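Enquirer: Here you go, one structure.
The values are calculated or read from the model by the stated rules, or taken from the named source; none is laboratory data. These numbers come from a predicted model, not from an experiment. Neighbour counts run over all protein chains shown; Cβ positions are idealised from the backbone, glycine included. Only protein heavy atoms, including side chains, enter the accessible area calculation; ligands, DNA and RNA are left aside. Shrake-Rupley method; radii C 1.70, N 1.55, O 1.52, S 1.80 Å.
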Amino acid sequence: MKIQTPPGMRDFYPAEMRLQNWLFRHWREVSRAFGCEEYEGPIFEYLDLYTLKSGPGIVSELFNFEDRGERRFAIRPEMTPTLARMVAARANTLPRPIKWFSTPRMCRAEKPQRGRLREFFQWNVDILGVDDVLADAEVIAVAIEFVRRIGLSERDVVMRVSSRPIAASVLAGMGITSDEEANRAFGLIDRYDKLGRDEFRRQWQEFAPAVDCDRLLAHLEQTDLQHGFSLAEAAGPAGEAAAKQFEELWQRLRQFQVDSYCAFDLKVVRGLAYYTGPVFELSARQGGLRALLGGGRYDNLTQLLDGPRVSGVGFGMGDAPVLELLTELGKLPALSAGLDVFVIDAGSELFPKAVEITSQLRRAGFACDFSYKRQAIGKQFAQAEKRGARLAIVVGAELAESGQLTVKDMRTAQQQAVAAAELLADPLSTLGAMR
């Protein structure tokens with residue numbers, strides 16, 4: 001019976017695992033460069049945690065189950081609810097600011113499609129306990145520093161930045177004033193890029209036929225930053241405050257030297273109702289502005305969990321869309337197994353010594369291996385190259401004759417004789433400069 005990988009899931013063979021580890025390494029290094037600490041949570045949570053935040057409609061999008069104690073759980077589809085629960089539980093003891101990151105595995109019960117899988121990894125970065133938009137700007141700067149490090153320029157990606165309060169001011173000025181109507185409008189605007197202009201117009205007219213769609217589209221398609229400020233300021237005191245906050249955000253983005261990656265886009269509203277301030281999406285410029293990352297400010301989430309108010313801002317970035325874009329742009333790194341040393345024997349009688357040397361090098365911290373087959377030196381060198389070894393050590397007849405080993409640099413093809421006693425007494429000093 002042949003059993004395949006479940007739909008929307010992935011197998012990670014060693015080559016794919018090397019790529020995942022490369023991605024995770026950059027995620028972690030960038031997070032730590034900005035002073036963020038790593039955290040984790042359980043792979044599943046009480047179902048109520050998600051329905052409390054997103055309503056009962058979210059259940060159909062989750063892998064959920066009932067345990068033997070008749071308790072309802074769901075495999076986590078995102079990390080923000082877990083983060084809010086953890087922070088709410090210790091809100092009075094955690095030092096501020098709370099700067100955390102995570103790289104969890106998550107699942108969503110949805111139809112697999114390009115860049116969206118049922119099982120995926122997601123990089124999450126959040127700063128909590130800071131009301132100042134300095135935190136919003138720094139979170140955006142974290143994301144942009146990551147794309148810089150993996151070789152994506154302003155020509156490849158754009159950080160589309162907007163403001164929920166400014167968007168709410170625009171809608172209020174057009175007659176959409178209740179929270180329920182505004183949330184429905186945000187949900188529709190959030191799907192603009194997927195729907196296209198004509199379908200958006202059709203659905204908007206079904207939702208709010210009394211609101212001038214052409215006027216709304218004129219605002220949504222305006223990319224001039226000053227226009228955004230003017231829209232908010234025209235909406236009264238609340239709009240003026242939103243414009244001031246948004247203007248300060250852009251000043252901070254310039255100070256972090258990431259504004260060249262950023263663009264104002266009022267269509268970015270993020271459909272989730274818990275966002276309360278600036279919102280943003282990192283999109284690929286080719287392929288219809290596919291989103292690689294989404295996030296924004298949420299200031300009331302911990303209160304839903306009976307905790308004190310702890311303001312927050314953060315984002316989530318999935319692994320699949322990023323790797324897909326790098327593949328399309330030809331910017332995936334060429335990664336090998338990355339052995340430090342491959343030990344080669346010049347004859348079966350020398351193989352026991354090769355195993356001993358391998359063992360001692362491993363104890364010294366080297367990634368080291370040898371051939372399981374007794375074969376010609378040339379074939380062993382070919383195996384060392386295939387395994388991506390930095391160095392090859394040949395155990396030959398000269399070991400018995402003069403106590404020496406041959407060390408070859410696999411990248412330059414240069415080789416030299418090294419005293420076996422010296423190498424084994426201090427492998428790090430002898431091989432460290434060559435590794």
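Enquirer: For n ≥ 4 DSSP H runs only, could you compute -39500 (n - 2.57) per run for the chain, divide by its residues and tell me the 222 nm figure to the nearest 500?
Expert: Using -39500 (n - 2.57) per qualifying helix, the result is -12000 deg cm²/dmol.
Enquirer: So for the pair Arg191, Thr177, with labels modelled 7 Å out along Cα→Cβ, what separation do we get in nm?
Expert: 2.8
Enquirer: Moving on to the next point. For segment 6-106, what class follows from the C-alpha gyration tensor (a ≥ b ≥ c being the square roots of its eigenvalues): rounded when a/c is under 1.5, otherwise prolate if a/b is larger than b/c, else oblate? Spell out each step's value before the answer.
Expert: Numbers: a/c = 2.55, a/b = 1.13, b/c = 2.26.
Oblate, since a/c reaches 1.5 and b/c is not below a/b.
Enquirer: Test of understanding: in a Gaussian network model of the chain with alpha carbons linked when under 10 Å, which of Arg18, Arg76, Arg96 would top the mean-square fluctuation ranking?
Expert: Arg96
Enquirer: What is the gain in length, in nm to one decimal, between Ile3 and Leu217 on full extension, counting 0.36 nm per residue of separation less the C-alpha to C-alpha distance?
Expert: 72.1 nm is the gain from fully extending Ile3 to Leu217.
Enquirer: Between Asp259, Asp319, Asp212, where does the largest GNM mean-square fluctuation fall for the chain, given springs only between Cα atoms within less than 10 Å?
Expert: Asp212
Enquirer: So, in nm, how far is label Asp224 from label Val59 when the simple model puts each one 7 Å beyond its Cα toward the Cβ?
Expert: Each label point lies 7 Å from its Cα, and together they span 5.0 nm.
Enquirer: Considering only protein heavy atoms, what per residue accessible area in square angstrom results for the chain with a 1.4 angstrom probe?
Expert: Each residue of the chain exposes 49 Å² on average to a 1.4 Å probe.
Enquirer: Right, next: Check each of the chymotrypsin sites (Phe, Trp or Tyr not before Pro) in segment 1-49 and keep only those in coil by DSSP with at most 14 other C-beta atoms within 10 angstrom; list them in order.
Expert: Sparse-neighbourhood loop chymotrypsin sites (Phe, Trp or Tyr not before Pro): Phe12.
Enquirer: Could you tell me the relative contact order of the chain? Use alpha-carbon pairs under 8 Å, at least six residues apart, and round to a whole percent.
Expert: Once normalised by length, the contact order is 15 percent.
Enquirer: Which whole-Hz ³J(HN,Hα) couplings does segment 250-263 yield from phi under the Karplus relation 6.51 cos²θ - 1.76 cosθ + 1.60, θ = phi - 60°, glycine and proline marked x?
Expert: Taking θ as phi minus 60°, the curve returns 5, 4, 5, 4, 5, 5, 6, 6, 10, 5, 5, 8, 9, 8 Hz for segment 250-263.
Enquirer: Select from Val133, Val407, Val158 the residue whose mean-square fluctuation is largest in a Gaussian network model of the chain (Cα-Cα springs shorter than 10 Å).
Expert: Of the options given, Val407 has the highest mean-square fluctuation.
Enquirer: Would you mind checking Lys2/Lys111; Lys111/Lys331; Lys331/Lys353; Lys53/Lys111; Lys53/Lys244 for any pair whose Cα atoms are more than 31 angstrom apart?
Expert: In this structure, Lys331/Lys353 exceed 31 Å between Cα atoms.
Enquirer: Tell me which residues come under 5 Å, amide H to amide H, from Leu391 once H is placed; ignore anything under 5 positions away on its chain.
Expert: Under 5 Å from the amide H of Leu391: Val341, Phe342, Met410.
Enquirer: Charges only on Cβ, +1 for Lys and Arg, -1 for Asp and Glu: so what's the dipole of segment 361-435 about the Cα centre, in debye to the nearest 20?
Expert: Details: 11 positive and 7 negative charges, 99 e Å.
The calculation lands at about 480 debye.
Enquirer: Sticking with this structure for a sec: Relative contact order (percent) for segment 44-114, with alpha-carbon contacts under 8 angstrom and 6 or more residues of separation? Before the final figure, lay out the partial values.
Expert: Numbers: 65 pairs, mean separation 25.2, N = 71.
It rounds to 35 percent for segment 44-114.
Enquirer: Please identify every one of the chymotrypsin sites (Phe, Trp or Tyr not before Pro) in segment 358-426 that sits in a loop by DSSP and has no more than 13 other beta carbons within 10 Å of its own beta carbon.
Expert: Listed in order of number, the matching sites are Tyr372.
Enquirer: Give the relative contact order (percent, whole number) for segment 220-343; include only Cα pairs under 8 Å separated by 6+ residues.
Expert: So the answer I get is 15 percent.
Enquirer: On the protein heavy atoms, probe 1.4 angstrom, tell me the percent of accessible surface of segment 227-338 carried by carbon and sulfur.
Expert: 48
Enquirer: For segment 81-123, which trypsin sites (Lys or Arg not before Pro) pass both filters: DSSP loop (anything but H, G, I, E, B) and at most 12 other C-beta atoms within 10 Å?
Expert: Passing both the DSSP loop test and the Cβ count: Arg90, Arg114.
Enquirer: Output ³J(HN,Hα) for segment 64-71: one whole-Hz value per residue in order, computed from phi by the Karplus curve 6.51 cos²θ - 1.76 cosθ + 1.60 with θ = phi - 60°, and x for Gly and Pro.
Expert: Rounded to whole hertz, the list is 10, 7, 10, 8, 5, x, 6, 9.
Enquirer: So, R0 is 41 Å and r is the distance between the beta-carbons of Ser402 and Asn21; what FRET efficiency does that work out to, to 0.05?
Expert: 0.50
Enquirer: Quick one: go through segment 95-135 and flag any residue whose amide nitrogen is under 13 Å from the point 7 Å out along the Cα-to-Cβ line of Thr327.
Expert: 113-117
Enquirer: Same structure, new question: Can you compute 3J(HN,Hα) from phi for each residue in segment 237-245, using the Karplus curve 6.51 cos²θ - 1.76 cosθ + 1.60 with θ = phi - 60°, rounded to whole Hz and x for Gly and Pro?
Expert: x, 4, x, 4, 5, 5, 5, 4, 4
Enquirer: According to a simple spin-label model (label point 7 Å from Cα along Cα-to-Cβ), what is the distance in nm between Arg96 and Arg149?
Expert: Each label point is offset 7 Å from its Cα along the Cβ direction, giving 2.9 nm.
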